[in-house]
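Report on the structure given below.
The values are calculated or read from the model by the stated rules, or taken from the named source; none is laboratory data. Given the structure is predicted, the values throughout are model-derived calculations rather than measurements. Because the Cβ atoms are built from the backbone with ideal geometry, glycine has one as well, and the counts that use them run over all protein chains shown.
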Amino acid sequence: MDLRHLKYFIAVVEEQSFTKASKRLFIAQPPLSRQIQSLEDELGLPLLERGSRPIQTTEAGQFFYQYAKRILSSMEQMVLMTKRVGQTAQTLKVGFVGSLLLGLLPQIIYEFRKLLPGINIELIEMGTLEQLEALKSGKIDVGFGRLKFSDPAITRILLRDEPLVLAVHEHDPRFMGFDGVYLSDIVDEALWCYPNTGQQTFANYIKNIFAEHGLNPKNIKYVSNIQLALGMVASGEGMSIVPQNSRAILMTNLKYLPILDAGVASPIFLSFRSGDDGEFIQLLLKTIEFIYQKIELNEQINLKSCSDS
Ligand code: BEZ
């Protein structure tokens, strides 16, 4: 006896007809009759009243029917529960650069968790290039970074270009009454950049922006992270170019000025292993679109991967 016998018997009882049951089961009637017969042979008693129209069960048949239903329903439950257990055991490891935590990343992760309550999300801070290696080794499944890189094993999607702003001391007399600054206004000033290690860093990105505008800042100072850079500025020492979302850091004596040169921005990329764009990535992109719409950011996520370097 196997599960097929139970399914066949349930269909015959519920349809009260071999003809209708065979249609429901998508099999011919003779094999169905043979299966029921072999079931009765194995049990050594009739389960159906012979010659009854519509078909009626014997007392043993009714008992067998109830039990068979319970077994099948337990089996369906077993499948569902196992899938759910599998889901809760799933973990999505997300690498991110620290400054993104000051902007939309927390909202995005919060909404994403609501969509997949069973999944465990691990957030790991790391630089963009570290993310490249971490994706390849499986240490993370998805990365949010700011720097461009090119590697065929990794797919990179540009989410948006976040404007950069200048953090200055609130009482700095040089910027009293300023609504914004040009890079040329600050090229000779002390500029705090971060991080202080690595080759392809946000600090170098800022230097390249000056270079693209034909400028060469000579007074760059380095610290390990954005909080230290802003702390230095709030202490009355120099200034710092930071992503606009950093305005969430409300240190006393700090103010942020727009940079007026065109295109002074920092890209935000989502990266994942090429070919690994399953359910999680699609849902993550949908969540990001939802947050952008909610805060009326007119960004259109370009779902095509970036091929430039
Ligand atoms: C954003 O600010 O656009 C952003 C931040 C983190 C992840 C994705 C998008």
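Worth pointing out:
- Within segment 199-245, tally of residues that are closer than 21 Å to E162 by Cβ and either part of a helix (DSSP H, G or I) or within 16 Å of the ligand (Cβ to nearest atom) (or both): 21
- If only residues of segment 263-284 that are out of contact with any Phe, Trp or Tyr (no Cβ under 9 Å at 6 or more places or on another chain) and part of a helix (DSSP H, G or I) are counted, the one that is surrounded by the fewest Cβ atoms within 10 Å (Cβ to Cβ) is E279.
- In segment 176-184 there is no residue matching the filter, namely being within 16 Å of the ligand (Cβ to nearest atom) and modelled with pLDDT under 95.
- The set of residues from segment 96-138 being free of Cβ contacts under 8 Å to residues at least 40 places away in the same chain, assigned to a helix (DSSP H, G or I), more than 15 Å from the ligand (Cβ to nearest atom) and surrounded by fewer than 17 Cβ atoms within 10 Å (Cβ to Cβ) comprises K114, E133, S137.
- Residue satisfying condition, being at pLDDT below 95, over 19 Å from G95 (Cβ atoms) and away from the ligand (no atom under 16 Å from the Cβ), within set D308, D261: D308
- Only one entry in D161, D141, D151 is in contact with a helix residue (DSSP H, G or I) (Cβ under 9 Å, 6 or more places away or on another chain) and under 16 Å from V97 (Cα atoms), namely D141.
- Whether a residue is in contact with a helix residue (DSSP H, G or I) (Cβ under 9 Å, 6 or more places away or on another chain) and either away from the ligand (no atom under 16 Å from the Cβ) or touching a residue at least 60 places away in the same chain (Cβ under 8 Å) (or both) was assessed, and L250 does not pass this test.
- Pick from segment 157-206, criterion under 23 Å from E130 (Cα atoms) and of a type in the set (S, T, Y), ranking: surrounded by the most Cβ atoms within 10 Å (Cβ to Cβ): Y194
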